[in-house]
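Here is the structure we will look at, set down as structure tokens.
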Amino acid sequence: MDLMPSAEQEAIRDAIRTMLRDRMPSERVRAIMASDAPVDRAFWRQAAELGWLGLALPEAAGGAGYGLPEAMLLFTELGRALVPGPWLGSVVAAQALARTPECAGVLDGSRLVGLVDDPHDALGTGATLDGTVTGVVDADLVDAFVVVGSERVRFVEAKATGLTITAGLSMDPTRRLGTVGAQGVRADVLDADAGALRRMATVLVAAEAVGVAERTLEMSVEYGKVRQQFGKPIGTFQAIKHRCADMATRTEVARAVVVFAAVAVESAEPDADFHVHSAKALAADAAIENATDNVQNHGGMGYTWESDAHLYLKRARVLEHVCGSRIAHLDAIAAPWRAAR
């Protein structure tokens with residue numbers, strides 16, 4: 001199990017970071033989030049052409065032939081740049097639809113797919129969907145949904161008869177949240193492993209949270225060097241530098257456990273589930289705590305709309321509840337010990 005990034009992986013990360021820096025700067029993100037449909041279709045198609053949506057998919061299925069660790073790199077960069085769009089649902093859908101005709105439309109960027117994480121089977125377990133699921137990211141923007149239940153995976157068109165989609169308020173202006181309701185909706189049952197897809201999705205969400213933790217740390221350090229008070233950079237004061245040190249520690253821990261979880265899942269390690277739960281809990285915590293400290297480090301400026309600090313905090317809060325909250329994952333880690341008592 002090699003935990004160090006290879007030269008090829010570093011090249012993938014650098015290429016993604018460069019493109020996001022050039023095509024998705026903060027100003028562009030703010031323009032997209034203020035639009036009626038917060039997703040840049042032209043950018044989405046370009047990312048698809050570069051193979052981003054199929055990084056973890058085998059070449060025989062139309063993907064780039066890499067694995068989960070490379071997809072993890074993508075999501076870390078998406079978190080750093082706060083890129084809008086249904087990335088998680090589309091990447092997971094490409095995996096679920098591998099070697100089916102529908103997969104091509106996802107990989108070429110012509111179709112957006114949302115993820116409905118339904119571990120408790122609120123929509124049922126068969127080919128007919130009945131029920132309601134709340135908190136679905138970008139529910140009103142996508143063309144279809146991949147429904148990952150406790151054991152089965154279904155695929156359903158967003159315009160299917162009997163399916164209702166209600167857009168709701170979201171703390172994060174770059175990520176809409178919606179409610180998906182179904183009454184006798186026919187869906188395609190896919191030949192995919194629900195557990196494997198959920199592990200993959202959870203690692204990718206954790207990776208995005210690591211991106212938030214990384215970037216907020218960098219923002220605080222950069223600001224601490226240029227903002228002066230009493231004739232000195234504020235980064236020289238203990239109140240700031242100690243907080244930045246804590247942010248750095250949280251970031252390194254989160255990055256390490258997420259990398260380990262990605263490699264453990266890719267290698268089918270027997271304790272992969274434990275590492276996935278740990279990764280989501282620690283990465284979400286790092287993102288929220290770092291984003292909060294970043295607002296504090298920016299002082300009064302950190303509370304303004306013009307500063308990006310609040311956007312990272314809002315993204316972190318939404319990420320906490322995608323694919324299970326910190327509490328849910330900590331409960332899953334503690335479950336074997338409780339059962340043994």
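The values are calculated or read from the model by the stated rules, or taken from the named source; none is laboratory data. In this text, all values refer to a predicted model and were calculated from it rather than measured experimentally. Cβ atoms come from the backbone with ideal geometry, glycine included; neighbour counts cover every protein chain shown. Only protein heavy atoms, including side chains, enter the accessible area calculation; ligands, DNA and RNA are left aside. Shrake-Rupley method; radii C 1.70, N 1.55, O 1.52, S 1.80 Å.
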> Got a sec? Charge dipole of the range 7-125, +1 on Cβ for Lys and Arg, -1 for Asp and Glu; which of 96, 9, 125 is way out at the positive end?
Replying inline: 9
> Given that compact globular proteins tend to follow 2.2 N^0.38 Å, what is the ratio of the alpha-carbon Rg of the chain to that value?
Replying inline: 0.99
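Let me check against my output: what whole-number percent is the relative contact order of the range 163-227, with C-alpha pairs under 8 Å and at least 6 apart?
Values: 28 pairs, mean separation 12.9, N = 65.
Relative contact order, the range 163-227: 20 percent.
Listed highest first by mean packing, meaning other Cβ atoms within 10 Å per residue, what order do 252-260, 35-43 come in? Don't jump to the answer; show the numbers that get you there.
Details: 252-260: 21.0, 35-43: 14.1.
So the peptides 252-260, 35-43, ranked by packing, come out 252-260, 35-43.
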>> How high is the relative contact order of the chain? Use alpha-carbon pairs under 8 Å, at least six apart in sequence, and give a whole percent.
In response: 16
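Select from the chain the helices, each a whole stretch of DSSP H, whose alpha-carbon atoms run 27 Å or more along the helix axis and whose Kyte-Doolittle mean is at least -0.5; answer none if there are none.
Numbers: long enough: 194-226 (49 Å, 0.51); 238-266 (42 Å, 0.53); 272-297 (36 Å, -0.23).
Span-like helices, by this rule, are 194-226, 238-266, 272-297.
How large, in percent, is the carbon and sulfur part of the accessible surface of the range 202-341 at a probe radius of 1.4 Å? Display every interim value, and only then the final one.
On the way: 3860 of 6550 Å².
About 59 percent, which is the carbon plus sulfur part of the accessible surface.
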>> Quick check for you: with a 1.4 Å probe and neighbouring chains kept, what is the accessible area per residue of the range 66-221, in Å²?
In response: 34
> Dividing the alpha-carbon Rg of the range 224-333 by 2.2 N^0.38 Å yields what?
Replying inline: 1.28
> If you roll a 1.4 Å probe over the range 1-120 with all protein chains in place, what percent of the accessible area is carbon or sulfur?
Replying inline: 52
> In whole percent, what relative contact order does the range 249-338 give with Cα contacts below 8 Å and a gap of six or more residues?
Replying inline: 29
> Mind listing P(r) for the range 21-103? All alpha-carbon pairs, 5 Å bins, whole percents.
Replying inline: 3, 14, 25, 24, 17, 10, 6, 1
